[in-house]
Amino acid sequence: YPLEMQILHQREDDTTQIAILSVFFSNEDNDSNGFISDVIDAFDSEEDIDLMDGLDDYEEIGQFYMYHGSTTEPDCHEGVTWFIWPRI
């Protein structure tokens, strides 16, 4: 997949509790993705973006994978629960 988006969720009352949602994007039709363009544009502005907008067209996500692992950046904190959607 040419793009993966990771959304990290952390409990306010216990910051050691982390869940990461991982969404893989394909570009089989070589079409531009308005949602991805909005996310990129938001990096350069003070504008908020609703990450769930990218999933509006999907009434049901379907199959996903879950495993226990670690974060992908240093210090590679363990104890993370990953939820991975193989295709969006």
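The numbers here are math on the coordinates, done by the rules we state, and not lab data. All of these numbers come straight from a predicted model, not from anything done at the bench. Neighbour counts run over all protein chains shown; Cβ positions are idealised from the backbone, glycine included.
For the range 35-42, the Karplus equation 6.51 cos²θ - 1.76 cosθ + 1.60, evaluated at θ = phi - 60°, returns couplings of 5, 5, 4, 5, 5, 4, 4, 5 Hz by residue, with Gly and Pro reported as x. For Q17, nonlocal amide neighbours, meaning residues 5 or more places apart or on other chains whose placed amide H falls under 5 Å from its own, are R11. In this rough spin-label picture, where each label sits 7 Å from Cα along the Cβ direction, the R11-F24 distance is 3.0 nm.
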